[in-house]
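Following: one structure in structure tokens, then a few remarks.
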């Protein structure tokens, strides 16, 4: 609309009263055809997430601890599985550097790098750079080939934290 109005003003200034006809079927671009890539903001490093561990006993029985280990940047990672197959990945006292586009992924690599991002399984965006947070893990996902939980920044191609998927002793 703005483009057509601007064109009409230009034509009027040139002494013409009508816009040139657009041939039928000709492609037209909307006024906002230029695509701008917004800058992804980094997480606020002062914000602390404090999600409680949800109750698992709604389906009967207690969850089993599938894996537990320290997170390389600080905190603890635990992976639980309920009798009904529901799985939950939990970070407690997590502390990672704030960066843009942070994501929690599962990797088949013991030491994931940017080259492993394409094959990584995303659990979603990191909820905060610090604190306690939960992520659902599909019960259909085979855990056996997976070795590591990682916090990555896809936009910066860096791994900020890792925790090996180690079964409890």
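The values are calculated or read from the model by the stated rules, or taken from the named source; none is laboratory data. Bear in mind the structure is a predicted one, so any value in this text is a computation, not a measurement. Virtual Cβ from ideal backbone geometry, glycine too; neighbours counted across all protein chains shown.
Output yes when any residue across segment 93-100 is in a strand (DSSP E or B) and more than 18 Å from residue 152 (Cα to Cα), and no when none is. No; the residues of segment 93-100 include none that is in a strand (DSSP E or B) and more than 18 Å from residue 152 (Cα to Cα). Hey, does segment 13-20 have a residue that's at pLDDT below 50, more than 29 Å from residue 126 (Cα to Cα) and not in a loop (DSSP other than H, G, I, E, B)? Yes, segment 13-20 contains at least one residue that is at pLDDT below 50, more than 29 Å from residue 126 (Cα to Cα) and not in a loop (DSSP other than H, G, I, E, B).
Please verify whether segment 64-78 includes one or more residues that are modelled with pLDDT under 95, within 23 Å of residue 51 (Cβ to Cβ), surrounded by fewer than 19 Cβ atoms within 10 Å (Cβ to Cβ) and under 16 Å from the mean Cα position of the chain (by Cα). No, segment 64-78 contains no residue that is modelled with pLDDT under 95, within 23 Å of residue 51 (Cβ to Cβ), surrounded by fewer than 19 Cβ atoms within 10 Å (Cβ to Cβ) and under 16 Å from the mean Cα position of the chain (by Cα).
Does residue 123 satisfy the criteria of being surrounded by 20 or more Cβ atoms within 10 Å (Cβ to Cβ) and either under 16 Å from residue 68 (Cα atoms) or under 12 Å from the mean Cα position of the chain (by Cα) (or both)?
Numbers: surrounded by 20 or more Cβ atoms within 10 Å (Cβ to Cβ): no; either under 16 Å from residue 68 (Cα atoms) or under 12 Å from the mean Cα position of the chain (by Cα) (or both): yes.
The answer is no for residue 123.
Can we say residue 46 is surrounded by fewer than 15 Cβ atoms within 10 Å (Cβ to Cβ), assigned to a strand (DSSP E or B) and modelled with pLDDT of 50 or more? Against the criterion (surrounded by fewer than 15 Cβ atoms within 10 Å (Cβ to Cβ), assigned to a strand (DSSP E or B) and modelled with pLDDT of 50 or more), residue 46 does not qualify.
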